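Q: One structure, as structure tokens, below. Some questions next.
Every number in this text was worked out from the coordinates using simple rules, so none of it is lab data. Everything numeric in this text was worked out from a predicted model, so none of it was measured. Heads up, the Cβs are rebuilt from the backbone with ideal geometry, glycines too, and the neighbour counts pull from every protein chain shown.
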Amino acid sequence: MLGVPTCLLIGRTLNNITGMPSSVQRKRIRKSPADRRAEIVDAAATVALTEGLECITLRRIGEELDVRPGLISHYFPAVEDLVGEAFGSAASAELDRLVPADRPDGTPVQHLARFFAHATGEAYDDISRLWINARHLSRYRPVLRDRVGTQEEAWRGRLEGLIREGVARGDFRTEDPYVTTIQILVVIDGLGAHANTDTDTSNRPPAVMRMAVAIAERELGLPSGMLTRLADELGTGPAGAPATAGDDDLPAAGQPATPN
């Protein structure tokens, strides 16, 4: 098996025990077309995150779900469409985790700190690898290229909306929320570019790891270290946990983000 790509092996059961069947027939559960399609996309998104977009094939996803490849092709006649759906599903799910469209109670500063708590560091490496993978393959795959463009626009729009909300409240101060959004995302992308090779996180100096946070604080007129402190506190708890800092640590609505 040496030299065989991991994605060609995962999902297969190799059984060399004499007399033992290589697979166990399971009772089929009839699902609605919508449920079945969602199941296929979810399985493909998992493969995309753990193995890579190249590993998404009709056979591979069929093995993952223990169904025939023909069932997968019934919903996705072209595997390129499934690859695009898988990437879109995984990227959208991550965006909803980082910057929910319907955000819970909290200030824009708290929500931005929460974004940085989950959008940087080792825990974010899987989604970084997926973006690297998708952008590379999109050069040759038009369907995936369109989906990458759609997701880039969605990520920019969601983060820019949060920043504009903070500007309207007086929590942030920037002349151009769109430019600030691009600056933040470019730095996050740059840090994520080494996710495939820099697996030893000890090689990442703290000053480098907090570059995106530092740029956000500078461009949004926040005191140096504010987002870092809140992100560190949020990063120790489950995703979606409310900020633990008190209101006295944050700019009040309608007040300038930095002292006059």
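Q: For the range 31-249, with only Lys/Arg (+1) and Asp/Glu (-1) charged at the beta-carbon, what is the dipole magnitude about the Cα centre, in debye rounded to 20?
A: Taking the Cα centre of the range 31-249 as origin, the dipole is about 520 debye.
Q: Provide H136, H118 in ascending order of the number of other Cβ atoms located within 10 Å of each residue's Cβ, fewest first.
A: H136, H118
Q: Note the full-extension length gain between R156 and R97 as 0.36 nm times their separation in residues minus their Cα-Cα distance, in nm to one decimal.
A: 19.8 nm
Q: Order by neighbour count: I215, I29, I184, fewest other Cβ atoms within 10 Å first, most last.
A: Fewest-to-most Cβ neighbours within 10 Å comes out as I29, I215, I184.
Q: Just to be sure I understand the model, the point goes 7 Å from the Cα along the line to the Cβ. What's the resulting V208 to E175 distance in nm?
A: Placing both labels 7 Å beyond Cα along the Cβ direction yields 3.2 nm.
Q: Given the Cα-Cα distance of H136 and H74 and 0.36 nm per residue of separation, how much length would full extension add, in nm?
A: 19.5 nm
Q: Additional query: Let a ≥ b ≥ c be the square roots of the eigenvalues of the Cα gyration tensor of the range 47-155; is it rounded (a/c under 1.5), or, if not, prolate (a/b larger than b/c) or oblate?
A: prolate
Q: When the C-alpha atoms of the range 79-237 are aligned to their principal axes, what extent does each axis show, in angstrom, from largest down?
A: Per principal axis, max minus min of the Cα coordinates gives 47, 36, 28 Å.
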